[in-house]
1. Kindly state which helices (runs of 4 or more DSSP H) lie completely within segment 556-606 and contain at least 2 residues that are away from ligand 1 (no atom under 13 Å from the Cβ) and not charged (D, E, K, R).
2. Among the residues of segment 334-369, count how many are among the hydroxyl-bearing types (Ser, Thr, Tyr) and at pLDDT 85 or above.
3. So, of the residues in segment 375-387 that are in a loop (DSSP other than H, G, I, E, B) and open to solvent by less than 20 Å² (accessible area, probe 1.4 Å), which turns out to be nearest to ligand 1 (Cβ to nearest atom)?
4. Being within 14 Å of ligand 1 (Cβ to nearest atom), at pLDDT 95 or above and hydrophobic (A, V, I, L, M, F, W, C) is true for just one of 30, 63. Which residue is that?
5. Would a scan of segment 346-356 turn up a residue that is within 14 Å of ligand 3 (Cβ to nearest atom) and free of Cβ contacts under 8 Å to residues at least 24 places away in the same chain?
6. Of the residues 602, 522, 587, 583, which is at positive phi and modelled with pLDDT of 90 or more?
7. Mind checking which residues of segment 163-188 are surrounded by 24 or more Cβ atoms within 10 Å (Cβ to Cβ) and modelled with pLDDT of 95 or more?
8. Taking the condition of being part of a helix (DSSP H, G or I) and without any contact (Cβ under 8 Å) to a residue 40 or more places away in the chain, how many residues in segment 413-452 meet it?
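The values are calculated or read from the model by the stated rules, or taken from the named source; none is laboratory data. Note that this is a predicted model, so its numbers are computed, not measured. A quick note on method: Cβ atoms are made from the backbone with ideal geometry, for glycine too, and the neighbour counts reach across all protein chains shown. With ligands, DNA and RNA removed, areas are computed over all heavy atoms of the protein, side chains included. Shrake-Rupley method; radii C 1.70, N 1.55, O 1.52, S 1.80 Å.
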Amino acid sequence: MNPSRAHETLFHVFGYTGFRGPQEAIVEHVAAGGDALVLMPTGGGKSLCYQIPALLRPGVAIVVSPLIALMQDQVSALKEVGVAADFLNSTLSFDRAMEIERAMLAGALDLLYVAPERLVTPRFLDLLDHLNEAGQLALFAIDEAHCVSQWGHDFRPEYLQLSILQERYPQIPRIALTATADAQTRHEIAERLRLQDAREFVSSFDRPNIRYTIVPKDNPRAQLLAFIRDGHLGEAGIVYCSSRKKVDETAAWLIEKGIAALPYHAGMNTEERAANQDRFLREDGIVMVATVAFGMGIDKPDVRFVAHLDLPRSIEGYYQETGRAGRDGLPAEAWMAYSVADLVQQRRFIDQGEAGAEVKRVATAKLDALLGLCETTGCRRQRLLGYFDEAAEPCGNCDTCLHPPQVRDATESARKALSCVFRTGSRFGAGHIVDVLTGKATDKVKEWQHDQVSTFGIGTELDDKGWRTLIRQLVAHGALAVDHERYGALTLTESARPLLRGEAAFTMRLDVVAPKKGRNVGSARKAADWPEATGAEAELLGRLRAWRASTAKERNVPAYVIFHDATLRDIARTKPGSIEALGTISGVGDRKLEAYGEEIIGLIAEHA
Ligand SMILES: Nc1ncnc2c1ncn2[C@@H]1O[C@H](COP(=O)(O)OP(=O)(O)OP(=O)(O)O)[C@@H](O)[C@H]1O
Ligand SMILES: [Mg+2]
Ligand SMILES: [Zn+2]
């Protein structure tokens, strides 16, 4: 293959000046007929890895994609740059589906997106057989390939049947793509999709433009509001909650506080959900309050923050969900508030689930790893990447790097807390233990005569909050276990022994109240790359955005399908004076230049 054809397609069709990371190697490998397993972070640019080979190889590329919303977006974006793409799923009328099938058989399509359950129907396989015999199958792309993994929360049983592609069309190249990085998932994908011989392309999973912050839960709603008000007003974001009820309540509360929030969860009816998702994608500055049902494959590039009001189930989940922020590469924030109560709840979900003992053991280990990330005194990013076996230096763009937590020796206090748990019979939760330690003779304390135990009132060195923090860290350390079957009762574990015997020391991390941060999120380096537009430039940017909004509305597509923010910023900064100059800006391909070039040059000229 002539490698410059890939570059030409990248530049003329997609309007980009260079490939990112391993994209070029992947494109060449697949265009030449090779199989590939691609692991690249969210927003890393996986789509081009199959879209460009689809254009370079004869025939139609079949793209398996798990979500209808995702297909629609990708197809509108492709049509917008002049690529012959379409999708087949249950939303289409019979006639429309027939029309698309005919177009495909006639060789009029370069890409067809299809739901996995549709692909494996005898009818569709029959179509594929025809195409195959005519040499008109370009490739198979299996997007969001982690859906094949039973361990993940996106498991889709239909994905298991996709191994048929290898059996039936062994000579057609296949490329599987995912942003889930752990070795177990990777192994499962290779095995279940029969891609053991495929070349693996593993990118760095770092998302340097995302700033990570994890805070102990105090007053979560107020904390969330403060976080949004401090630098994210008017910006698009996602707030994850663990239950439908909490989603509804949180959204209503944010609206009351003047934030443009919308709820999204599986309990809402389909139309309502679709309408909210649509508004989130199309309007600027909507905050989506959602359960994890929301977000997979959402290619909204300008989500400026992802907030978690509850713990995800694992580091993989946390990474995927936070990865939805800042896909455009501009500074973004991942913020989470967590508590021991969250941990208890998650453990309860695991233990009460239907799964077998082995699955429960893995799930518990994953949750513990996440707790380790929450309680680390080191760099969050280093810890996060370390979990995916990737080495990294402290990043300078997470809460622990920016405000190193203070630590102090708390061996004596730890011993007091542990013995208080023991003296009160290992049957009470953190609240009661703190009352006893700090000498509060509440009704409950009196009822159990805990004002009589030797640990009553001995904890003068810390306040309530301090004790709660310490207990949380003892749980994270493993010295205390939380028994959710008995309403969160704390019990001692084996690792409490050396502490109680005075054979081990315990270092406590002090909760810091993070100082107010400035408007510019992102590390100094990132902020310098993306200075806030000011003066005339800001004014032009405003006009470009207004033009984009009305154009998007006219064409009935999300604004970012017209142009990304990053592209508008480049235009506002460089003010190209000619069509040729405009064409060199990243994100402006031939088709868009033709469709919008004159208008934009006009806007710039008017402004000058
Ligand atoms: N070489 C490139 N130059 C500039 N922009 C790019 C390049 N490759 C991809 N992009 C942009 O990056 C964004 C993310 O790409 P894409 O949707 O392919 O991500 P992804 O890896 O599929 O993420 P996810 O896992 O969330 O689906 C897109 O908006 C795309 O236009
Ligand atoms: Mg993708
Ligand atoms: Zn860091």
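1. 565-574, 579-583
2. Final tally of qualifying residues: 2.
3. Selected residue: 379.
4. Just one listed residue meets the conditions, 63.
5. No, there is no match, as no residue in segment 346-356 is within 14 Å of ligand 3 (Cβ to nearest atom) and free of Cβ contacts under 8 Å to residues at least 24 places away in the same chain.
6. Unique residue meeting the criteria: 587.
7. Result: 174, 175, 176, 177.
8. Residues of segment 413-452 part of a helix (DSSP H, G or I): 413-423, 430-437, 443-447.
Now narrow it down to the ones that are without any contact (Cβ under 8 Å) to a residue 40 or more places away in the chain: 420, 423, 431-432, 434-437, 443-447.
Residues flagged as part of a helix (DSSP H, G or I) and without any contact (Cβ under 8 Å) to a residue 40 or more places away in the chain within segment 413-452 amount to 13.
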